[in-house]
Amino acid sequence: MDDLRLGLLLNAVSPAVGGVLVRGEKGTAKSTMVRALAGLLPSIATVAGCRFACDPASPDPQCPDGPHSDRGTAERPAFLVELPVGVTEDRVVGSLDLERALAEGVKAYEPGLLAKAHRGVLYIDEVNLLQDHLVDLLLDAAAMGRSYVEREGVSVRHAARFLLVGTMNPEEGELRPQLLDRFGLTVEIAATRDADERAEVVRRRLAYDADPAAFATSWAGEELALAERIGAARELLPTVELSDLALRQITAVCAAFEVDGLRADIVMARTAVALAAWAERTDVLEEDVRTAARLALPHRRRRNPFDAPGLDQEQLDRTLAEHQEPQEPEDNGEGPDDDGPGGGPGGGGSPAPSEPDGPAASDSSAESSAEGSTETPAPPQQRPGPGRESSPVASEHPYRTRLFKVDGTGRGAQGRRSAAETDAGHTVRARRPQGRLARLHLSATLRAAAPHQVARGRAGRALVLRRDDLREQVRRGRESNLVLFVVDASGSMAARQRMTAVKGAVLSLLMDAYQRRDKIGMVTFRGSGAELALPPTSSVEVGAARLEQLPTGGRTPLEAGLLRAHEVLRVERLRDPDRRALLVVVTDGRATGARDAVARSHRAAGLLAGQGVAAVVLDCESGPVRLGLARELAAHLNGDAVSLDELRAEGVASLVRETRTTMMRKAA
């Protein structure tokens, strides 16, 4: 927990550091640690009566509660505002009373959580599960320091500068790179494996449960001392000097690790200065730069969704050593070295025998190796038969794939795959509000209210509205889906070169699922049955890891794989009925284990087709003679069959270009 404690304290000393992202396994007290920070933050001065916590020394000129002249000053604690995963957009940015705005022409605005978090802490538990459109709002607010609300010509904006703290379990999926980069620091935590430390944690928790007030009192002294140290470090912070040497080390480290943009350099500089102030120093040392790099760079070095955050410590040490201040040699008055012809003390030694180099050395080394070796050459790699099992093989490098989507219009969570009615997108029609009005359709509302104005006794310019007149927008966007992979891992797929290509294709589809915000699952079948290798999850990283470890060999129980997929989809429909599924079957279509194995697999495919499951069969058959079994399976699934070559988006684009060129030549 040391890095987490340090990261939170540094942000308390210097909020400009930019917040903390806490990554760790479940049950490691991530939320408890973050909530404890609120009690250590100094109180803030605000304009009396301002709902947006304006600073009396520099009030926001665009504050909806302004102007702030001739108002008193109030002091209150800095708020820690929690943003739940299921929060709605209007609760985040605030909401307008649309009826009053239309009828009276006033900006009746109710502040949201961003306004409440201004000059405080915005805490998001399970930040990686937050909806995309809410993530976009946070990105805008974090980048601009302001929140904007635009509704039907009514515009409200207010300051929203806050310390962003998020916690997440990487097993549930990673964050979008844009939001990941907004966090100044990141820390990885895990539960201790020391029995005594675990016992102390349990002991303290039981003591708290027995008497919370007494437990808090027992630690009040230490918390007060910690809060006073934070205050002292804040006062010292403006006097800390960042030397040219320290700044050069910071920029050299960021360049060496090839981080994108310059935000990492700025965050590292602010973190190093905060570290010096926390250590009660006014100068930044190399150890501050090293610690700042450890906290600020790991999450900025990811190049694709399957890269784990990390930092090469040896590369960091090497870069810092290359940019140290040159030290002058010490003069001890002994003059230049003169150790005699042998190079040792007193000149009596002889040079140590050195290793021979050059071609002769290589030949000698090779001969020695050949003479001393008793190993026999390894036999050539054989393709595993139905009864053998092969060790996992590496996959090809992932590539951009074709877009597969579910037909029709869904109502699932916002994403980037299939068409759906969502909170974001273009407006396609209007309807009566279903619950609280969130997105007013102005023209439809006016059309509904216009015929009744005389009967309602309209006298002035204000429009007389009733609740029944209101219409809300229906927007068409895209949703995320559940992409369930059914992967053939039998002996018929186990040729090394072939399985490498198949794994590369599945890995590419996994990356596509990550980019489109899908959930994924994986069923594998080989030998005598099928297993759920990966229950449906948002973590494509786990899916990629399971794929890399996938062994192959044995018979081909295709029917078992399809039936297991049917059961997984049935359970998921009960858990999340709005999320539609896309089944991706990766196979050559062969089936073994029974005399009528192929026919039975076709009946299992018909069961899935009868449930309306959208399906794609990735045809892995290769060689000059092809049976077309995968395409027969696709027909029984009412889905499409795509070969490995057709999967690549570049291949499809090239085919389209070639077809268009041919048609144009014929027309000419």
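So the values come out like this:
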{"read-out": "Antiparallel DSSP beta bridges within region 1-142, percent to nearest 5", "value": "65"}
{"read-out": "Projected area, mean over directions - region 432-473, Cα convex hull, nm²", "value": "3.0"}
{"read-out": "Kirkwood Rh (inverse of mean 1/r, distinct Cα pairs), region 1-85, angstrom", "value": "15.1"}
{"read-out": "In region 187-242, GluC sites (Glu not before Pro) in a DSSP loop with at most 12 other beta-carbon atoms within 10 Å", "value": "none"}
{"read-out": "Full-stretch length increase - Val87, Ala459 - with 0.36 nm per residue and alpha-carbon distance subtracted", "value": "129.9 nm"}
{"read-out": "Qualifying trypsin sites (Lys or Arg not before Pro) in region 1-102, DSSP loop, other Cβ atoms within 10 Å at most 14", "value": "Lys26"}
{"read-out": "Qualifying trypsin sites (Lys or Arg not before Pro) for region 445-506 [loop in DSSP, other Cβ within 10 Å: at most 16]", "value": "Arg456, Arg458, Arg461, Arg466"}
{"read-out": "Extension gain (nm, one decimal) between Ser155 and Ala545, 0.36 nm per residue minus Cα-Cα", "value": "135.7 nm"}
{"read-out": "Rg(Cα) / (2.2 N^0.38 Å) computed for region 393-446, rounded to two decimals", "value": "1.79"}
{"read-out": "Separation in nanometres of the label points that stand 7 Å from Cα toward Cβ, at Ala214 and Arg146", "value": "5.4"}
{"read-out": "At R0 = 51 Å, FRET efficiency that the Cβ-Cβ distance of Leu403 and Ser43 yields, to 0.05", "value": "0.45"}
{"read-out": "Of all accessible heavy-atom area on region 204-310, the percent that carbon and sulfur account for (1.4 Å)", "value": "53"}
{"read-out": "Inter-label distance, nm, simple model (7 Å from Cα along the C-beta direction), Glu25/Ala450", "value": "6.5"}
{"read-out": "Inter-label distance, nm, simple model (7 Å from Cα along the C-beta direction), Glu75/Arg205", "value": "3.8"}
{"read-out": "Three-way shape call for region 445-513 based on the alpha-carbon gyration tensor, with the a/c threshold at 1.5", "value": "prolate"}
{"read-out": "Contour excess over end-to-end distance, with Cα ends at Glu646 and Ala190 and 0.36 nm allotted per residue", "value": "159.8 nm"}
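The values are calculated or read from the model by the stated rules, or taken from the named source; none is laboratory data. This structure is a prediction, so every number in the text was calculated from the model and none was measured. When we count neighbours, we look across all protein chains shown, and the Cβ atoms used for this are built from the backbone with ideal geometry, even at glycine. When the accessible area is computed, the model is the full protein with side chains, heavy atoms only, and any ligands, DNA or RNA have been set aside. Shrake-Rupley method; radii C 1.70, N 1.55, O 1.52, S 1.80 Å.
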